[in-house]
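The values are calculated or read from the model by the stated rules, or taken from the named source; none is laboratory data. Quick caveat, the model's predicted, so the values are computed rather than measured. Neighbour counts run over all protein chains shown; Cβ positions are idealised from the backbone, glycine included. SASA here: full protein model, heavy atoms, side chains in, ligands and nucleic acids out. Shrake-Rupley method; radii C 1.70, N 1.55, O 1.52, S 1.80 Å.
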Amino acid sequence: MDVYFPLSKRSLTSASGEKFEQKKPSIEVLPDECLFEIFRWLRGGRERSSCACVSKRWLILVSNICKYEIRDNNIIHALNPKDESTNKKDGIVSEVEHNDVDSDGYFTRNLEGKKATDGGLAAIAVGTASRGGLGKLFIRGSNSWNRVTTVGLRAISRGCPSLRVLSLWNLSSIGDEGLCEIANGCHRLVTLDLCHCPAVTDKSLLAIAKGCPKLNDLTIESCANVGNEGLLALACCCPNLKSVSIKNCPLVGDQGVASLLSSASYSLTKLKLQALNITDEMFSVIGHYGKSVTDLSLTSLPNVSDKGFWIMGNSQGLQKLKSFTIASCLGLTDLGLEAVGKGCVNLKQFYIFKCDLLSDKGLVSFAKVAGSLESLQLEDCHRITQIGLFCSLLNCSAKLKVISLVNCLGVMDLTTGLPPLSPCESLQSLSIRNCPGFSDSSLAVMGKLCPQLQHVELRGLHGITDAGFLQLLKSCNAGLVKVNLKDCVNLSDKGVCRLTNLHRWTLETLNLDGCKISDASLFAIAENCRLLGDLDVSKCAITDSGLAALAHSDLINVQILSVSGCSMVSDKSLPSLRNLGKTLLGLNLQQCKAMSRSAIDLLVQQLWRCNILF
């Protein structure tokens, strides 16, 4: 009988008598330079991807091959003519034929937390290179995990020349070297977002300016080492900037921002400046060169006085401005606000937040001159009173549709000093939130002033009762569509029943979260509101009977229902909720303590098309 014995490794003996086994030859003994040269001869993206899966070393090497470094396909065909003819005979089209197709950047990749590593970026570079290319890349690091370095960005720059959008957040390990790699390889870049990248300096922006002249969207936030020099370079090399947002960069001053504005005065449409050391002189530049700006946001600029706002408004350069936000600018006074209204003749949306020196006089003067204004929002402006609010409505443009007051403590009920009232027919949306002095008498006056209201939001107003709410309902001739009464704790079933009766044909959204209502309100809703699609009765005293009335109504087609915190809703409501589930897309059952987990689990199984929170 023949017996086969496999060959064993030969044992060699060194000069000192020590024995060792002879190792098989391995490609791993080759230096990186040799492996890199081998990978350049691979025939297509599939082969390179396969090699990248072998080890992290091979992945990094393959990812560092630029497109122009790959050997020409004609040379490969010349060396392997038989292979090419064989493929054509068998009907197989070689991947090499598609290897030179330009990548348009179809893919979007997002790396967050522990997934944001150099290896992950290298894998993205290799995997997308031959499949349409990478177009958008978002990297979100964390304070405890920063594994993205220059190595990863180098792989992206060499393997993803089609990259158009790059966003880097909270990456302390990324510095100038990495962004210089991006600038050298990604010349199609149009959007750059840098947030909390402390190692990035002006050197990075200089490289981006030279390598990415098509840049049109720039966001820099909390980059302490970025200053005027980098912005000057961008102004010189990137004349087509359309959107610029700079926040919390202490080294950025008037010179840097002014250079961006002056160089892109005919292309820049969106400008956001926050927490910068700019002065009144910068505001004169905005007023002169902001010819194409349509969206302007100025926040937390402590060195700007009322003079800056006055000069900006009187420069008459912001003719195309449509949306304007001024927040936490202590230098804004009544005089500056009036100048802004005169200079921004096409302004449609205006938002003012925490401007302590602004009073009724400035608000009324602004309302008189802002002829195109459609939306006015005031928040934390405590010197604005009820007189300023009503007089603004009397003097506003015929285009004003939305007015909103949030946490304005100066708005209180007044019985005297009000001018003769004439209605503001254009106003369609009223929002009053967390203004403790706003109560029934103010609401009654608002009803007379705004007879065409369709959207009403009264949140956190403890002074509103059924009496004042009824006055508003009687004055709304157009029919209310959306009503939000959250945390109006003194509103009861009487007001809600009257609402559903008067506006039954128009009401689509109703929020009664925290109101003093019971099943009586649900009975009225079930009987009247045939268009209602969104209903919130969280933290209300409703029971299973109220939900049963909704379920048995032939009129109700609610798609979003919230009964969160309703302690009297129990397992008995399961059939009612199942019946409502025919139209429900969203259901909130959080903090319904009388409902068992088994009942909720059963409901989740039966209402498979509905998103249920519990």
Task: Degrees between helix 597-606 axis and first principal axis of the chain (Cα, 0 to 90, nearest 10) - done: 80
TODO: Leaving ligands, DNA and RNA out of it, report the carbon-plus-sulfur percent of the accessible area of the stretch 303-429 at a 1.4 Å probe.
DONE: 55
TODO: May I ask you to evaluate 6.51 cos²θ - 1.76 cosθ + 1.60, the Karplus curve with θ = phi - 60°, for each residue of the stretch 210-221 and list the ³J(HN,Hα) values in order in whole Hz, giving x for glycine and proline?
DONE: 6, x, 10, x, 7, 4, 10, 9, 10, 10, 10, 9
Task: For Ile384, solvent-accessible area (1.4 Å; no DNA, RNA or ligand), Å² - done: 0
Task: For the chain, accessible area per residue (1.4 Å probe, heavy atoms of protein chains only), Å² - done: 46
Open item on the list: Rg over Rh of the stretch 487-613, using C-alpha atoms and the Kirkwood radius, what does it come to?
Closed with: 0.94
TODO: Would you kindly find the accessible area of Lys401, with a 1.4 Å probe and non-protein molecules such as ligands, DNA and RNA excluded, rounding to the nearest 10 Å²?
DONE: 90
Task: Whole-angstrom Cα spans of the stretch 377-521 along principal axes, big to small - done: 42, 27, 25
Task: Environment charge at Asp544 (Cβ cut-off 15 Å; Lys +1, Arg +1, Asp -1, Glu -1) - done: +1
Task: Sequence of Leu409, Leu473 when ordered by accessible area, the most exposed leading, probe 1.4 angstrom - done: Leu409, Leu473
Task: On Cα atoms only, tilt of 386-395 relative to the major axis of the chain in degrees - done: 80
Task: Sequence ranges 331-342, 210-221, ranked by mean other-Cβ count within 10 angstrom, highest first - done: 331-342, 210-221
- [ ] Would you mind computing, in nm to one decimal, how far apart the modelled labels at Lys448 and Tyr351 are, each placed 7 Å from Cα along Cα→Cβ?
- [x] 3.4
Open item on the list: As a test of understanding, state the convex hull volume per residue of the chain from its alpha carbons, in Å³.
Closed with: 279
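At 1.4 Å probe size, put Val558, Val604 in order of accessible surface, largest to smallest.
Result, largest first: Val604, Val558.
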Task: Long pairs among Lys448/Lys482; Lys203/Lys242; Lys399/Lys494; Lys115/Lys210; Lys210/Lys270, criterion Cα-Cα beyond 28 Å - done: Lys399/Lys494; Lys115/Lys210
TODO: Give, as a single signed number, the net charge of other residues whose beta carbon lies under 13 Å from the beta carbon of Phe390, with Lys and Arg counted +1 and Asp and Glu -1.
DONE: -1
TODO: Excluding Cys424 itself, calculate the net charge of residues whose Cβ lies under 12 Å from the Cβ of Cys424, where each Lys or Arg counts +1 and each Asp or Glu counts -1.
DONE: +2
Open item on the list: I'd like the accessible area for His288: 1.4 Å probe, protein heavy atoms, all chains in place, Å² to the nearest 10.
Closed with: 100
Open item on the list: Keeping all protein chains in place and using 1.4 angstrom, which order do Arg131, Arg504 fall into by accessible surface area, from largest down?
Closed with: Arg131, Arg504
TODO: Compute the acute angle (0 to 90°) between the alpha-carbon long axis of helix 334-343 and the principal axis of greatest extent of the alpha-carbon atoms of the chain; round to the nearest 10°.
DONE: 70
Task: Where trypsin sites (Lys or Arg not before Pro) fall in DSSP loop in the stretch 533-591, at most 12 other Cβ within 10 Å - done: Lys582
